[in-house]
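In what follows, a structure is listed as structure tokens, so that the remarks can point back to it.
The values are calculated or read from the model by the stated rules, or taken from the named source; none is laboratory data. Keep in mind that what you see is a predicted model, and the values were worked out from it rather than measured. Because the Cβ atoms are built from the backbone with ideal geometry, glycine has one as well, and the counts that use them run over all protein chains shown.
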Amino acid sequence: MIPLIFNGGVYGHQEFEDLVYDLGGFVIQKNFAQTEVTIFFIVPEEDLERVKEKALELKAELKNAPLAGSEIAVVVPTISIYHLPHHSCDIAEYLRRKGAKTNMVGLSRGVGKRLARLTAFERDLINEHDVAVFLFGNFRECVTEKMKLLREITVPVVATGFPKISPPEGVEYVPNLGRIVGKFSREGDIDLLENVAKAVERLVDKKRRVFERFEVPPYYLKSEVENQIPEINESTSPAPITVKLDGLRIKLPYEKFGEKIRNVRILDFKLGDICNVFPSVVEGQTLVRFAGSW
Amino acid sequence: MRLVVESPDEEGRIAYERTINTVLSESTIKGFIKRLKVFADPKEPVFILIIQFARGGGVLKFSEVATLKFVREGAIVVCENDKFMPEVLRILWEKFGSEKVEQLSRYEIMVKGEIGEDILNTIIYDPEKELMVGLMDLILRIVPEGFRIRKYIRKEGLMALIASEDPIKNEWVEKALKMMEGADDTSNL
């Protein structure tokens with residue numbers, strides 16, 4: 001299976017979607033922006049030519065999406081208005097163009113050297129994601145000190161900062177990317193973004209390999225939940241069901257729909273048999289995680 | 001305008017120079033600043049910012065930015081500088097009401113009424129006022145956000161800011177005062 005992004009007009013995109021399903025692929029996410037539509041999807045490698053033909057016919061653009069099907073937290077010490085535009089915006093957008101679903105997390109007490117800390121809510125929220133990207137600042141002393149924030153994070157972490165330091169075990173560190181005020185406009189800036197994307201890709205690949213042993217992929221769970229719980233279509237969220245590497249995030253309240261989600265039929269068993277279903281720390285959202293994945 | 005950044009951390013110094021340069025280039029008050037000196041020591045931790053202001057031009061009055069052409073119904077105000085035009089129009093509206101003021105073209109305003117001394121003496125542009133609005137914004141953008149404890153020292157044509165996350169020590173204030181004295185001397189910068 002190969003993940004791709006379809007970028008084209010709204011006209012005819014339904015035919016394209018049908019083709020993806022006919023070939024045995026899945027649509028991971030679909031976003032409309034006025035007359036444009038972006039579809040993240042996955043198709044078998046041998047049918048790539050047919051998908052390309054159809055895209056050409058619809059005059060759409062196809063791109064590789066190495067991060068498709070992953071949910072990534074971009075964590076910044078602050079998102080105050082005085083520092084706009086933030087470099088986190090550019091990083092999150094770049095990861096999005098690689099197919100990831102990114103969530104920006106601005107810490108409430110993340111600023112300073114000695115003062116920086118994570119609240120319990122922030123820690124739990126970041127731990128719900130597949131990979132967390134922490135963006136630190138310019139000074140060696142501060143970046144080294146702030147690495148203590150990563151101790152409580154149980155998901156793989158990419159950290160960035162300006163100085164070249166040796167990061168703690170298990171952390172991918174991208175140097176030369178400190179606090180940049182304004183847009184990434186210099187020549188070398190795109191390379192920095194690419195470095196971050198590469199680091200995230202490495203971690204996503206590692207995690208993906210762990211979950212390959214589960215025979216039911218998360219995007220299959222997604223299509224079954226969509227078919228069997230019609231209320232999901234009434235959700236106003238841009239991505240009512242987010243595909244993660246280790247399961248799903250469903251934007252429906254657990255109290256009301258928890259049992260319904262557990263009873264979704266997957267092949268000849270129930271979703272509750274192979275997955276843990278539990279409430280997210282974000283109100284009104286439910287998490288589905290493969291049993292035995294943590 | 002000159003910028004000097006000092007820090008024991010060489011890498012941090014280079015990165016911070018870029019940050020300040022970007023902030024300054026986007027600031028509305030860069031014309032009012034003559035020199036900017038920064039000392040940052042994350043070990044202490046302390047951040048000192050010294051700003052030396054350039055001598056701004058004086059205030060501009062209505063009569064200096066606009067000329068009058070008298071016609072039968074009143075007068076035509078001609079202001080050939082786009083920067084001051086909105087302010088000129090605002091003052092005329094305030095005095096005569098919008099029904100008696102008509103903008104004929106990009107530079108001309110027709111006024112049905114008599115323009116007296118009081119209008120001619122109104123201040124259109126005050127650099128000091130503009131500086132104060134932009135200065136706080138500039139400082140908040142440059143200073144590290146975590147350094148919430150701040151002390152401002154203002155002298156003739158100079159301003160110093162000491163910021164830290166711990167209570168401000170006397171030695172930092174002394175250092176700032178020393179830097180302020182040095183700021184006047186060109187050889188130190």
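A:D189 falls short of the stated requirement of being within 28 Å of A:P44 (Cα to Cα) and not β-branched (V, I, T). Just one of the numbered conditions (1) of a type outside the set (D, E); (2) surrounded by 13 or more Cβ atoms within 10 Å (Cβ to Cβ); (3) in a loop (DSSP other than H, G, I, E, B) is not true of A:K59: (2).
Across region B:56-82, the number of residues qualifying as in contact (Cβ under 8 Å) with a residue 24 or more places away in the chain and among the basic types (K, R) comes to 1.
When region B:133-149 is limited to residues that are over 11 Å from B:S27 (Cβ atoms) and of a type in the set (D, E, K, R), the one that is surrounded by the most Cβ atoms within 10 Å (Cβ to Cβ) turns out to be B:E145.
Hey, could you check region B:78-137 for residues that are β-branched (V, I, T) and assigned to a loop (DSSP other than H, G, I, E, B) and say which is farthest from the other protein chains (Cβ to nearest Cβ)? Only one residue tops the list, namely B:I115. Annotation note: of A:K183, A:K113, the sole residue that is within 10 Å of another protein chain (Cβ to nearest Cβ), surrounded by 17 or more Cβ atoms within 10 Å (Cβ to Cβ), closer than 22 Å to B:T19 by Cβ and in contact with a helix residue (DSSP H, G or I) (Cβ under 8 Å, 6 or more places away or on another chain) is A:K113.
Okay, residues lined up against (1) over 18 Å from B:A54 (Cβ atoms); (2) under 27 Å from the mean Cα position of the chain (by Cα); (3) at pLDDT below 85:
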position	(1), (2), (3)
B:K100	yes, no, no
B:E108	yes, no, no
B:I115	yes, no, yes
B:L135	no, yes, no
B:R141	yes, yes, no
B:K151	yes, yes, no
B:L158	no, yes, no
B:I162	yes, yes, no
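Residue-level analysis places A:A68 among those that are modelled with pLDDT under 90 and among the small types (G, A, S). Restricting the search to helices (runs of 4 or more DSSP H) fully inside region A:147-263 and requiring at least 3 residues that are in contact (Cβ under 8 Å) with a residue 60 or more places away in the chain gives A:189-211, A:218-228.
Of the residues making up region B:15-33, those that are among the hydroxyl-bearing types (S, T, Y) and more than 7 Å from chain A (Cβ to nearest Cβ) are B:S25, B:S27, B:T28. The requirement of being surrounded by 16 or more Cβ atoms within 10 Å (Cβ to Cβ), of a type in the set (A, V, I, L, M, F, W, C), within 25 Å of A:A132 (Cβ to Cβ) and out of contact with any Leu (no Cβ under 9 Å at 6 or more places or on another chain) is not satisfied by A:L221. Please tell me if A:E46 is assigned to a helix (DSSP H, G or I), crowded, with 17+ Cβ neighbours inside 10 Å and not assigned by TED's automatic domain parsing to the domain that holds A:L135. No: the conditions fail for A:E46. Here B:G97 meets the list (1) in contact with a strand residue (DSSP E or B) (Cβ under 8 Å, 6 or more places away or on another chain); (2) on the phi > 0 side of the Ramachandran plot almost entirely, failing just condition (1).
With respect to the conditions (1) under 27 Å from B:N21 (Cβ atoms); (2) surrounded by 12 or more Cβ atoms within 10 Å (Cβ to Cβ), B:R154 lacks only one, and its number is (2).
In region B:1-14, of all residues being crowded, with 19+ Cβ neighbours inside 10 Å and more than 7 Å from every other protein chain (Cβ to nearest Cβ), the one that is nearest to the chain's Cα centre (by Cα) corresponds to B:V5.
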